[in-house]
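The values are calculated or read from the model by the stated rules, or taken from the named source; none is laboratory data. All values derive from a computational prediction rather than experimental measurement. Every residue, glycine as well, gets a Cβ built from its backbone with ideal geometry; the counts of neighbours run over all protein chains shown.
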Amino acid sequence: MSAQALLLQLVTGVVVGAIWVIVAIGLSLIFGILRIVNFAHGAFYMLGAYLAAFAVGWTGHFWIALLVAPLSMAAFGVLVERGLIGRLYGRGLVYSVLATYAVSLVVIEGVKILWGTVGPQFRVPAELAGMVNLGFSLFPKYRLFVLLATALTVLGVWWWLHRTPMGLFVRAASQDPLMTQALGVDIARVLAGAFGAGVALAGLGGALAGPLRGVFPEMGLDILVESFVVVVIGGMGSLLGAVVAGLLVGVVQSFTFLWAPVFANVVLFLLMIATLLVRPQGLFGTE
Amino acid sequence: MTEPVLATERLTRRFGSLAAVDEVSLALRPGEVRGIIGPNGAGKSTLLRLMAGEIRPSAGRILYRGQDVTGRPMYELARRGIVKSFQITQVFPNLSCLENVRVVVQGPARAWNFWQRVDLDRATLERAEALLARVGLYGKRNLPAYALSHGEQRHLEIAMALAMDPEVLLLDEPTAGMSAEEIESTMKLLQDVARERTIVIVEHKMPVIMNLCQRITVLHFGRILAEGTPEEIQASEEVQAVYLGRTRG
Amino acid sequence: MELKVPSELLTARRPLQAVVFPAALTAFLVLLPIVLPYEALAAQILVYALFSLGYNLLFGYTGLLSFGHAAFFGLGSYTAGLLARKVTANVLWTLPAAIGAGAVAGAVVGFFCLRRRGDYFSLMTLAFGQLLYFIAHQWREVTGGDDGLRGIPVAHLQVGPWTFALESSRDVYVLLAVLTFVAFLGFRRLLSSPFGTALQAIRENELRAEAVGYDTFRLKLWAFVLSAAMSSAAGALNVYLLKFVGLNSLHWITSGYAVLITILGGAGTLLGPLVGALAFVGLQDILSAIPAIVDRWPFFVGLLFIVCVLVFPHGIWGTAERLQTRLRWRVSAAGEMGG
């Protein structure tokens, strides 16, 4: 196999991984701060893709859609947290899992009720259509854009967590909610904000993936489990872990597609099981 | 001198670069009541957790009746006769007091019995009830454990530990958070228990330790600072300097 | 906070209960297909009741939240379906085979997943479940992939020279009713056995259970195996009823149904799964009969569960049991005052 083909497969894998990175960061953020395994994350991803597709339809601008989707999903996330999730703190893992699972059913079926079982068209925007020459191969311009957008998102999230006052509260709350509260921080708002941010990331992931993978009600089901796997491999609650694991898994899967396509869907889970056996806390997780 | 029932040899446990327990060698004679004292962070609880098999040592050995039991899991040591009660109360909150004790009385060895009805087993029930009576909880046997007061929960824990019929009982701050009255009754109970078993007590309350223990080991920064009878320990200037002076002050 | 029935009160009621419980269960199983509009519905309820009964052992009684039980349900279905197509449709072979497959898979999955606790445990069970889902998805020659397993012959019971074909839903219901009766009585027994008590001790406080000498890993593994085997049996029974295995029976959404039914009925209660399955399948049937809803019933199921989680987290039977216990306490307190 030529070096060009291998390089192409590598870049393709990185782009697949990029979507996982964005979705998994949101999941990891929610888990790290709220201690909630968010089963509705895939549904939020799907809803983000729908909103972006509609926004493009109404305004004709992909860039507006890319803003509208995460922002409205953030608002939606805050609503869900205030109305439901926030009432379940301290009741244990089970109820939050069940609640988010129920939200997932409601959102997916709600979308089908409102807009039918076939999703809207979501084309690659004109300015990002076409190919670009990478030197070793031609590569779709939009995929490179996804990569760039992911990099910016990761930097943005890092900046938010480490360089803004809100981010500091969020990190403090993930360490010790009681202590943070004692310092005069309104913990309820921090938690709602963190949940909203996580949901916004899911929505952004959906909006970016829409033109690549198509928009339909079930589009979030598989990516939910895949991003769980990414978070487990990277280490729950670790930003760096989600990034590294997302890209790694993307690349591994991409090469499996090339050499042993039968295993392409399965390799993800084998990677996770291997990680848990060798390093149970994940690549960048703490014990 | 008689063969020690439980002994540690240069037992060490490190957390990162910190040696929480540092080369501690202890020998407990059968029937002895040993107190372990020391300032906060001296490694008392860690030592007890090591002896119970709750955590594994980084180095050193634990000998039980002359046999090396280092690194054996907690449930195995518990079955062989080393039983621990915890610093933070650990009961089965939603089971009744009787059920709490019954789970122990029926015995983990029988856990693979999928068929017998233990709730109808007369011998098991009678023994469980007798144990509850001994710790003064017979009247509350049908209340769920969460409904007990803190002191009562600790008594329930002692009943559960006794149900194991342990040779060595490891008690991590048995009177923590108790009222004066509860401490009084707990001490009576422990004195009674001490007649038939070897006990190791980690405790902050000096009167409890001084009353109950024949020998006292003082830990400081994970190491043994002194060991002796209560009188010797009270008289030791070294101990006064690092420990007694501070807590009394 | 939870309230448990005090053991002495249970003991006092024992002679009556020994008769009342089996009699009531029999009456329920006889009446169910008569009251409901069609037998397939009653049969579906029992399939889900058995699935959740197995699930409840792990979740309700041992305190382990598995999100991969569809794997065992689906495995039982595929085992029974494939055997019926290739070897024999005799229930006396296919059912034990499905149970065996579930037990073995449960032992393997449990061995890995139980190395971790809490959230990680749940995620690992989810991952193993999806692993099986994708294997079935890819292995089209055997499983039929997306199309599912079709053309499964009618199951039959063959004992010596006698053969009973499980032709209609009523035939399958009779088999299901008998197995449900046996399973619920067996579980009732299991829960008061030393093993069952040990599992509940682990649910209540695992560290403490270990400190009093229980090998908690092995006990949890056994609970996992039993639970998987039971779910697998339910999967096989579902095939006798539907004569079809859908790929979706392996999907994590199906795992979610087991959690939903168990919580709806009341986790950690013996009859919770039966009550939950009745409510869940019944609701699904009613909703899909409404022309405006039909396939969109999960929307309303989701809404119901949001309400359920918020206002009565102990489920239908769980809430009823708690009310009963509270009442009994009040009565006994009043009695003591009077005496």
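Mind checking whether some residue in the range C:297-304 is surrounded by 14 or more Cβ atoms within 10 Å (Cβ to Cβ), within 14 Å of chain A (Cβ to nearest Cβ) and not hydrophobic (A, V, I, L, M, F, W, C)?
Checked against the condition, which is being surrounded by 14 or more Cβ atoms within 10 Å (Cβ to Cβ), within 14 Å of chain A (Cβ to nearest Cβ) and not hydrophobic (A, V, I, L, M, F, W, C), the range C:297-304 yields at least one hit.
Which ones in the range B:143-155 are within 11 Å of chain C (Cβ to nearest Cβ), under 19 Å from B:Ala130 (Cβ atoms) and part of a helix (DSSP H, G or I)? Before you say what the answer is, go through the steps one by one.
To start, the set of residues in the range B:143-155 that are within 11 Å of chain C (Cβ to nearest Cβ) comprises B:143-147.
Keeping just the survivors that are under 19 Å from B:Ala130 (Cβ atoms) gives B:143, B:145.
Answer for the range B:143-155, where residues must be within 11 Å of chain C (Cβ to nearest Cβ), under 19 Å from B:Ala130 (Cβ atoms) and part of a helix (DSSP H, G or I): just B:Ala145.
In this structure, does B:Val33 turn out to be closer than 14 Å to B:Val202 by Cα, at pLDDT 90 or above and away from chain C (no Cβ under 14 Å)?
Here the answer is yes, as B:Val33 does meet what is asked.
Any idea which of C:Val174, C:Val225, C:Val178, C:Val182 is in contact (Cβ under 8 Å) with a residue 12 or more places away in the chain and out of contact with any Pro (no Cβ under 6 Å at 6 or more places or on another chain)?
Working: C:Val174 fails: in contact (Cβ under 8 Å) with a residue 12 or more places away in the chain; C:Val178 fails: in contact (Cβ under 8 Å) with a residue 12 or more places away in the chain; C:Val182 fails: in contact (Cβ under 8 Å) with a residue 12 or more places away in the chain.
From the options C:Val174, C:Val225, C:Val178, C:Val182, the qualifying one is C:Val225.
I'm checking my understanding of the structure. Among residues of the range C:135-159 that are assigned to a helix (DSSP H, G or I) and of a type outside the set (A, V, I, L, M), which one is farthest from the other protein chains (Cβ to nearest Cβ)?
The selected residue is C:Asp147.
I'm trying to understand the selection: among the residues of the range C:58-103, which are closer than 16 Å to C:Tyr133 by Cα, aromatic (Phe, Trp, Tyr) and more than 13 Å from the chain's Cα centre (by Cα)?
Answer for the range C:58-103, where residues must be closer than 16 Å to C:Tyr133 by Cα, aromatic (Phe, Trp, Tyr) and more than 13 Å from the chain's Cα centre (by Cα): C:Phe67, C:Tyr78.
Out of everything in the range A:150-170 that is crowded, with 17+ Cβ neighbours inside 10 Å and of a type outside the set (Phe, Trp, Tyr), what residue ends up being farthest from A:Ala5 (Cα to Cα)?
A:Val170
Looking at the structure I just gave you, is C:Tyr38 among the hydroxyl-bearing types (Ser, Thr, Tyr) and more than 14 Å from the chain's Cα centre (by Cα)?
Yes; evaluated as a whole, the condition is true for this residue.
May I ask you to list the residues in the range C:309-324 that are buried (at least 17 other Cβ atoms within 10 Å of the Cβ) and away from chain A (no Cβ under 14 Å)?
C:Ile316, C:Trp317, C:Glu321, C:Arg322
Take C:Ser227 and tell me if it is touching a helix residue (DSSP H, G or I) at 6+ places or on another chain (Cβ under 8 Å), more than 10 Å from every other protein chain (Cβ to nearest Cβ) and among the hydroxyl-bearing types (Ser, Thr, Tyr).
yes
Name the strands (runs of 3 or more DSSP E) wholly within the range B:158-240 that hold at least 1 residues that are free of Cβ contacts under 8 Å to residues at least 60 places away in the same chain?
B:223-228
Which condition number does C:Ala277 fail, the rest of (1) part of a helix (DSSP H, G or I); (2) farther than 23 Å from C:Ala40 by Cβ being met?
C:Ala277 satisfies every listed condition except (2).
Considering B:Ser25, B:Ser96, which residue is modelled with pLDDT under 90, polar (S, T, N, Q) and either surrounded by fewer than 21 Cβ atoms within 10 Å (Cβ to Cβ) or farther than 22 Å from B:Ile233 by Cβ (or both)?
Only one candidate qualifies: B:Ser96.
Please work out which residue is farthest from the chain's Cα centre (by Cα), limiting yourself to the range C:110-130 and to residues that are hydroxyl-bearing (Ser, Thr, Tyr) and either surrounded by fewer than 20 Cβ atoms within 10 Å (Cβ to Cβ) or facing chain A (nearest Cβ under 7 Å) (or both).
Start the filter on the range C:110-130 by keeping residues that are hydroxyl-bearing (Ser, Thr, Tyr), which leaves C:120, C:122, C:125.
Cutting the leftovers down to either surrounded by fewer than 20 Cβ atoms within 10 Å (Cβ to Cβ) or facing chain A (nearest Cβ under 7 Å) (or both) gives us C:120, C:122.
Values: C:Tyr120: 23, C:Ser122: 17 Å.
So, considering only residues that are hydroxyl-bearing (Ser, Thr, Tyr) and either surrounded by fewer than 20 Cβ atoms within 10 Å (Cβ to Cβ) or facing chain A (nearest Cβ under 7 Å) (or both), the one farthest from the chain's Cα centre (by Cα) is C:Tyr120.
Could you list, in sequence order, the residues of the range B:62-100 that are β-branched (Val, Ile, Thr) and either closer than 21 Å to B:Ser25 by Cα or within 7 Å of chain C (Cβ to nearest Cβ) (or both)?
Step one: filter the range B:62-100 for residues β-branched (Val, Ile, Thr), giving B:62, B:69-70, B:82-83, B:88-89, B:91.
Listed by number, the residues that qualify are B:Ile62, B:Val69, B:Thr70, B:Ile82, B:Val83, B:Val91.
From the residues in the range C:151-168 that are within 25 Å of the chain's Cα centre (by Cα) and surrounded by fewer than 14 Cβ atoms within 10 Å (Cβ to Cβ), which one is nearest to C:Glu39 (Cα to Cα)?
Here is the first cut: in the range C:151-168, the residues within 25 Å of the chain's Cα centre (by Cα) are C:152, C:154-157, C:166-168.
Filter once more, so that each one left must be surrounded by fewer than 14 Cβ atoms within 10 Å (Cβ to Cβ): C:167-168.
Numbers: C:Glu167: 13, C:Ser168: 9 Å.
In this case the residue turns out to be C:Ser168.
Identify, please: which residue in the range C:269-284 is small (Gly, Ala, Ser) and crowded, with 24+ Cβ neighbours inside 10 Å and is, among those, farthest from the other protein chains (Cβ to nearest Cβ)?
Residue satisfying both the conditions and the ranking: C:Ala277.
Inside the range B:105-117, can you point out the residues that are facing chain C (nearest Cβ under 7 Å), assigned to a helix (DSSP H, G or I) and surrounded by fewer than 21 Cβ atoms within 10 Å (Cβ to Cβ)?
B:Arg110
For B:Met178, indicate whether it is buried (at least 18 other Cβ atoms within 10 Å of the Cβ) and closer than 25 Å to B:Gly38 by Cα.
Here the answer is yes, as B:Met178 does meet what is asked.
Residues of the range A:199-222 being within 18 Å of A:Val97 (Cβ to Cβ), at pLDDT below 95 and surrounded by 23 or more Cβ atoms within 10 Å (Cβ to Cβ), which ones?
A:Gly220
Which residue out of B:Arg79, B:Arg56, B:Arg61, B:Arg127 is more than 24 Å from C:Phe187 (Cβ to Cβ) and part of a loop (DSSP other than H, G, I, E, B)?
B:Arg56
Right, C:Leu199: surrounded by fewer than 22 Cβ atoms within 10 Å (Cβ to Cβ) and within 14 Å of chain B (Cβ to nearest Cβ) or not?
no
If you check A:Ala99 against the conditions, is it away from chain C (no Cβ under 14 Å), in contact with a Phe, Trp or Tyr (Cβ under 9 Å, 6 or more places away or on another chain) and buried (at least 23 other Cβ atoms within 10 Å of the Cβ)?
no
Among the residues of the range C:247-256, is there at least one that is within 13 Å of chain B (Cβ to nearest Cβ) and within 30 Å of C:Val307 (Cα to Cα)?
no
Run down C:Gly68, C:Gly76, C:Gly63, C:Gly110 and say which single residue is closer than 22 Å to C:Val154 by Cα and touching a residue at least 40 places away in the same chain (Cβ under 8 Å).
C:Gly76
Restricting to the range C:252-274, give me the number of residues that are more than 18 Å from C:Ala228 (Cα to Cα) and not in a helix (DSSP H, G or I).
Qualifying residue count, the range C:252-274: 3.
Being in contact with a strand residue (DSSP E or B) (Cβ under 6 Å, 6 or more places away or on another chain) and among the aliphatic types (A, V, I, L, M) is the filter here, so list the residues in the range C:104-149 that pass it.
Residue satisfying the conditions is C:Leu149 alone.
With the requirement that a residue be touching a Leu at 6+ places or on another chain (Cβ under 7 Å) and farther than 27 Å from C:Thr216 by Cβ, what does the range C:52-79 give you?
Once the filter is applied, which keeps residues that are touching a Leu at 6+ places or on another chain (Cβ under 7 Å) and farther than 27 Å from C:Thr216 by Cβ, the range C:52-79 yields C:Gly74, C:Tyr78.
What is the residue count in the range C:266-294 for residues that are over 20 Å from the mean Cα position of the chain (by Cα) and either at pLDDT below 85 or of a type in the set (S, T, N, Q) (or both)?
Total satisfying the criteria: 4.
Could you figure out which of (1) within 13 Å of the chain's Cα centre (by Cα); (2) at pLDDT below 95; (3) more than 13 Å from chain A (Cβ to nearest Cβ) isn't true of C:Phe51?
Evaluating C:Phe51 over (1) within 13 Å of the chain's Cα centre (by Cα); (2) at pLDDT below 95; (3) more than 13 Å from chain A (Cβ to nearest Cβ) leaves (2) as the failure.
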